Amino acid sequence: MTKPFLFAVCRPSGAILDSEKLEIPRLGGLNPETDFEIIELGKPDSPEPEDLDLDGYAGVFISGSKYGFLDEQTGKPEDHRRIERRALRLGERLIERDQPTLGFCYGMHALALAGGGTLTGEFAEDIYAPELTLTEQGLSDPVTRGLPSSLRAFIGHKDSVGRLPKNTEVLLKADFCPVQMMRIGNNIYATQFHPEITNTAMHIRLEFYTGSYFDAAKAKELWDYCDAAEVSGANQIISAFVERYRQ
């Protein structure tokens, strides 16, 4: 039997998480019943990162979040503080082990901080699908070398990577926000964009974020834009990661 993949969730329960629980195993060709285990870092009764038997997993996914590490410290809800603490500690453990990992957005930020890097608010981006380009390192990396040299992906964030952790390569870049995908060590991958979001899954997020991330008056224009975006190249990152590490 192959080992399952662990999905470490950094967001509260709801429609977006329900979508991710379906899309990630589907894109990775995983059986959600046997190949995919979930831990919600914000729940008080979830195990602490120190108590996880990471030897039992082929790899780890770390989700995005509505929260940010650069949010004002005062007034953070309890689940936000719990997620932040656990995500950082989990990131430290994964980097120490060089355990196969793929973090998305907030997951990338947790890994960057856990590896000694920094975050910045300089490259914040609203929801859209920018063009991303493989770097020289990305063209030869085992996970990204099969991707199109140029692709689009859904993105939307306040925080982004500032100073890279040591022993890190940038695999995908963009004109505005330069660090779009990185690899720490040999096996720790992370994306600023969301390879787990398909066009269909984007509908759920647009419903959730209307009136917060963007004005309701712009909703129709944004929906049409996202429907037309070709993001299948980015979605391939999930399957490429699973294919490399499931054995």
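A few comments on the model shown:
- Selection within segment 160-177: residues that are open to solvent by less than 10 Å² (accessible area, probe 1.4 Å) and in contact with a Phe, Trp or Tyr (Cβ under 7 Å, 6 or more places away or on another chain). The member of this set that is farthest from Cys226 (Cα to Cα) is Ser160.
- Filter result for Gly75 (in a loop (DSSP other than H, G, I, E, B) and either at positive phi or free of Cβ contacts under 8 Å to residues at least 40 places away in the same chain (or both)): yes
- Being hydroxyl-bearing (Ser, Thr, Tyr), modelled with pLDDT of 95 or more and crowded, with 19+ Cβ neighbours inside 10 Å holds for only one residue in Thr118, Thr144, and it is Thr144.
- Selection within segment 134-149 - in contact with a Leu (Cβ under 7 Å, 6 or more places away or on another chain) and under 25 Å from Asp227 (Cα atoms): Leu134, Thr144, Leu147, Ser149
- Among the residues making up segment 219-238, those that are aliphatic (A, V, I, L, M) and free of Cβ contacts under 8 Å to residues at least 40 places away in the same chain are Ala219, Ala228.
- Under the condition of being of a type outside the set (Gly, Ala, Ser) and exposed (fewer than 12 other Cβ atoms within 10 Å of the Cβ), the residues counted in segment 187-229 number 5.
- Of all residues in segment 230-240, those being surrounded by fewer than 16 Cβ atoms within 10 Å (Cβ to Cβ) and small (Gly, Ala, Ser) number 1.
- Segment 155-186 - residue that is part of a loop (DSSP other than H, G, I, E, B) and aliphatic (A, V, I, L, M) and, of those, farthest from Ala129 (Cα to Cα): Leu164
- Condition check for Glu50: in a helix (DSSP H, G or I) and either modelled with pLDDT under 95 or of a type outside the set (A, V, I, L, M) (or both): yes
- A single entry from Leu111, Leu94, Leu88 fulfils the requirement of being open to solvent by 10 Å² or more (accessible area, probe 1.4 Å) and either within 22 Å of Asp55 (Cα to Cα) or in contact with a His (Cβ under 8 Å, 6 or more places away or on another chain) (or both): Leu88.
- Evaluation of Arg183 against (1) at pLDDT 95 or above; (2) of a type in the set (Lys, Arg); (3) farther than 14 Å from Asp141 by Cβ; (4) surrounded by 19 or more Cβ atoms within 10 Å (Cβ to Cβ) (one fails), failing number: (3)
- Arg85 being assigned to a helix (DSSP H, G or I), among the charged types (D, E, K, R) and over 25 Å from Lys3 (Cβ atoms): yes
- Single residue of Asp126, Asp71, Asp141 found to be within 22 Å of Gly42 (Cα to Cα) and of a type in the set (Asp, Glu): Asp71
- The test for being touching a residue at least 60 places away in the same chain (Cβ under 8 Å) and crowded, with 22+ Cβ neighbours inside 10 Å does not hold for Tyr128.
- The condition (being surrounded by fewer than 18 Cβ atoms within 10 Å (Cβ to Cβ) and either assigned to a loop (DSSP other than H, G, I, E, B) or of a type in the set (S, T, N, Q) (or both)) is satisfied by just one residue among Ser19, Ser13: Ser13.
- If you go through segment 90-145 and keep only what is under 22 Å from Gly233 (Cβ atoms), in contact with an Asp or Glu (Cβ under 8 Å, 6 or more places away or on another chain) and in a strand (DSSP E or B), you end up with Phe104, Glu131.
The values are calculated or read from the model by the stated rules, or taken from the named source; none is laboratory data. Note that the coordinates shown come from a computational prediction; the quantities given were computed from them, not determined experimentally. Counting neighbours? That spans all protein chains shown, and the Cβs are built from the backbone with ideal geometry, glycine included. Note: areas computed on protein heavy atoms with side chains; ligands, DNA, RNA excluded. Shrake-Rupley method; radii C 1.70, N 1.55, O 1.52, S 1.80 Å.
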